[in-house]
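What follows is one structure encoded as structure tokens, with my remarks underneath.
The values are calculated or read from the model by the stated rules, or taken from the named source; none is laboratory data. Keep in mind that this is a model prediction, so the values were computed, not measured. Cβ placement follows ideal geometry from the backbone for every residue including glycine, while neighbour counts extend to all protein chains displayed. SASA here: full protein model, heavy atoms, side chains in, ligands and nucleic acids out. Shrake-Rupley method; radii C 1.70, N 1.55, O 1.52, S 1.80 Å.
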Amino acid sequence: MELHIPGGTSAGSETLTLTSGQIGPQEEEFFGQSHCHWLAAAMSCMTGWELVGVKLYYPDQGWTAVHTAVATPDGAVLDIYGRHDSLDAFAERYRRLTGLEVEVRRLPREDLFHDHLTSTDPSLIDDPLWWTRTDPDRRMPALYQHYARLVLTKAGYEVPEHCRPAPKPDANEKHTPAPSGTTATTTTPAGGTPAMSSIEEIRAVLAGSNEQAEGVLGALTQASQAAAEIQGRLDSVAGGSSQAPVQEALGLYAELRDTVDRLVGMVTAARTAVETYAASL
């Protein structure tokens, strides 16, 4: 995924490309010097672990909040750079890197908003899923979830079962009913479709719906590209014409592209919502 960071990271990069399943320099810069708070919030939401905040003392501006991580149950600190054995070891890393005074402490979510996220809507303070609701790019919550799981597993911690990606259903596999001990009695709601109560069944259906959504997104993208090509051809041969039919056609194709782009945004938002729901089961 290619990301544009308005204002750049603290290292100065305005564009970064992240690669799924990989934690390299670009991922470290994005989640270490731009979006550490969101990554830490995602890990905290998944595990229930406390947040850890880092402040540095700059002689010309005083104490400044610069980073957020999570505290693990065994006393370590975890962020995009990996596992740090203790709060003291975590603080010492920043002393060596910056040569400044460092304050590291466990951080209630309220303090995260007041000290680290001053530009984020304060009405989200009481929402543990706030990190899924701050960016108009609806790919971002899925991105945060992916890297939260990756950081946890690379450091040797187990991702809670309810936060693991739903398995993709095998179209050729015959359905085997779950043992009676894991599946409650189903009822038939209005419409005649039996309700599923097995979590794995529900996750499989959700994963299947998101696979179908990928096809919808592909078709919409092709439609947008085709409309753009048509619009470009018309504009090249008749864009300067004052005849109403030509201008109407150009306007309609422009409107079509805007509509398709809105549909892409809606489908993308729906996919992210489904993934967030699946992760919460």
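The figures follow:
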| quantity | calculated |
| --- | --- |
| Failed criterion for His116 (all others in (1) touching a Ser or Thr at 6+ places or on another chain (Cβ under 7 Å); (2) open to solvent by 70 Å² or more (accessible area, probe 1.4 Å) hold) | (2) |
| Looking only at segment 262-279, and only at residues there that are open to solvent by 40 Å² or more (accessible area, probe 1.4 Å) and not hydrophobic (A, V, I, L, M, F, W, C), the one that is farthest from Arg203 (Cα to Cα) | Arg262 |
| Residue in segment 127-135 that is touching a Leu at 6+ places or on another chain (Cβ under 9 Å), under 12 Å from Met46 (Cβ atoms), open to solvent by 50 Å² or more (accessible area, probe 1.4 Å) and at pLDDT below 95 present | no |
| Unmet requirement for Thr17, which otherwise passes all of (1) surrounded by fewer than 19 Cβ atoms within 10 Å (Cβ to Cβ); (2) at negative phi; (3) in contact (Cβ under 8 Å) with a residue 40 or more places away in the chain; (4) in contact with a helix residue (DSSP H, G or I) (Cβ under 8 Å, 6 or more places away or on another chain) | (3) |
| Top-ranked residue in segment 37-79 [being assigned to a loop (DSSP other than H, G, I, E, B) and farther than 21 Å from Ala279 by Cα; ranked as least open to solvent (accessible area, probe 1.4 Å)] | Ala76 |
| Residue list for segment 20-36, restricted to those being buried (at least 16 other Cβ atoms within 10 Å of the Cβ), part of a loop (DSSP other than H, G, I, E, B) and more than 15 Å from the chain's Cα centre (by Cα) | Ile23 |
| Unmet requirement for Arg105, which otherwise passes all of (1) surrounded by 21 or more Cβ atoms within 10 Å (Cβ to Cβ); (2) assigned to a strand (DSSP E or B) | (1) |
| Test set (1) part of a helix (DSSP H, G or I); (2) surrounded by fewer than 19 Cβ atoms within 10 Å (Cβ to Cβ); (3) more than 15 Å from the chain's Cα centre (by Cα) - Phe90 fails condition number | (2) |
| Number of positions in segment 228-281 that are in contact with a helix residue (DSSP H, G or I) (Cβ under 8 Å, 6 or more places away or on another chain) and either outside any helix (DSSP H, G or I) or on the phi > 0 side of the Ramachandran plot (or both) | 3 |
| Number of positions in segment 240-261 that are open to solvent by 90 Å² or more (accessible area, probe 1.4 Å) and either under 16 Å from Ala223 (Cβ atoms) or in contact with a strand residue (DSSP E or B) (Cβ under 6 Å, 6 or more places away or on another chain) (or both) | 2 |
